[in-house]
1. Scan region 219-228 and give yes if some residue there is in a loop (DSSP other than H, G, I, E, B) and buried (at least 16 other Cβ atoms within 10 Å of the Cβ), otherwise no.
2. In this structure, is residue 110 surrounded by fewer than 21 Cβ atoms within 10 Å (Cβ to Cβ), under 14 Å from the mean Cα position of the chain (by Cα), over 16 Å from residue 175 (Cα atoms) and modelled with pLDDT of 95 or more?
3. Determine, yes or no, whether residue 198 is in a helix (DSSP H, G or I), surrounded by fewer than 22 Cβ atoms within 10 Å (Cβ to Cβ), at pLDDT 95 or above and touching a helix residue (DSSP H, G or I) at 6+ places or on another chain (Cβ under 8 Å).
4. Just to be sure, is residue 2 closer than 21 Å to residue 130 by Cβ and out of contact with any strand residue (DSSP E or B) (no Cβ under 8 Å at 6 or more places or on another chain)?
5. When region 13-45 is examined, which residues are found to be out of contact with any strand residue (DSSP E or B) (no Cβ under 6 Å at 6 or more places or on another chain), part of a loop (DSSP other than H, G, I, E, B) and in contact (Cβ under 8 Å) with a residue 40 or more places away in the chain?
6. Which of (1) more than 20 Å from residue 16 (Cβ to Cβ); (2) buried (at least 18 other Cβ atoms within 10 Å of the Cβ); (3) in contact with a strand residue (DSSP E or B) (Cβ under 6 Å, 6 or more places away or on another chain) does residue 72 not meet, given it meets every other one?
7. Only residues that are in a loop (DSSP other than H, G, I, E, B) and in contact with a strand residue (DSSP E or B) (Cβ under 9 Å, 6 or more places away or on another chain): list them for region 98-146, please.
8. Under 28 Å from residue 121 (Cα atoms), surrounded by fewer than 17 Cβ atoms within 10 Å (Cβ to Cβ) and more than 21 Å from the chain's Cα centre (by Cα): is that true of residue 180 in this structure?
């Protein structure tokens, strides 16, 4: 899919992987709407990038529909690209010092990361399937964000790993669901990337984490994630796939 002139939604688009993706798509001529729950940061980011912002809680059907409507109205077209970058992590061991993990914390991570991702997919693709087909009969593409934790979840990551593993697990069935309508679905599973969460760590900690990556021995950049998004958009044959973007790292238990 040539993204020039195409509508795109990027969830979690105000910072990190989402913002780099939005910037990349805008730079190639896409008409982007970013969804983010942080209104102040999202408004500022959209103004800087020159795109539409919608305050959206991805777990809310009402919010997502309103965001899709706003993007379509202000950009003048429905979106054919959905990139799901919104997500959270609340670490905690299954049992710690004799106390079971607070179920509300586990549920929150699943709700935002997994259910929120699917909520955006179902509502965005409902619109995509009704659009006129492009070359090769394509009508749209969905790109999700999982994590290498889906495969190598570490100590304290039961909730996070489960949420990301769920995203990996639903990628192929969704691609199959939407195949007759010309909508693709793929997932990227990043390793250790320079996100706002990583930037909050001391420099020495970031350096040490980067050195644990086999090659290149550094943290990945949001721009490298965005390049993978563009590759998936550009290549119509990439469908139903999860791509590990991790420099060959396999996470140790802790």
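1. Checked against the condition, which is being in a loop (DSSP other than H, G, I, E, B) and buried (at least 16 other Cβ atoms within 10 Å of the Cβ), region 219-228 yields at least one hit.
2. no
3. For residue 198, the condition - in a helix (DSSP H, G or I), surrounded by fewer than 22 Cβ atoms within 10 Å (Cβ to Cβ), at pLDDT 95 or above and touching a helix residue (DSSP H, G or I) at 6+ places or on another chain (Cβ under 8 Å) - is not met.
4. yes
5. Within region 13-45, 15, 28, 37 qualify.
6. Of everything listed in (1) more than 20 Å from residue 16 (Cβ to Cβ); (2) buried (at least 18 other Cβ atoms within 10 Å of the Cβ); (3) in contact with a strand residue (DSSP E or B) (Cβ under 6 Å, 6 or more places away or on another chain), residue 72 misses just condition (3).
7. Once the filter is applied, which keeps residues that are in a loop (DSSP other than H, G, I, E, B) and in contact with a strand residue (DSSP E or B) (Cβ under 9 Å, 6 or more places away or on another chain), region 98-146 yields 101, 129, 131, 134, 138, 139, 146.
8. Criteria met by residue 180.
The values are calculated or read from the model by the stated rules, or taken from the named source; none is laboratory data. As the structure is a prediction and not an experimental result, all values here were calculated from the model. For neighbour counting, all protein chains shown are included, and Cβ atoms are generated from backbone atoms with ideal geometry for every residue, glycine included.
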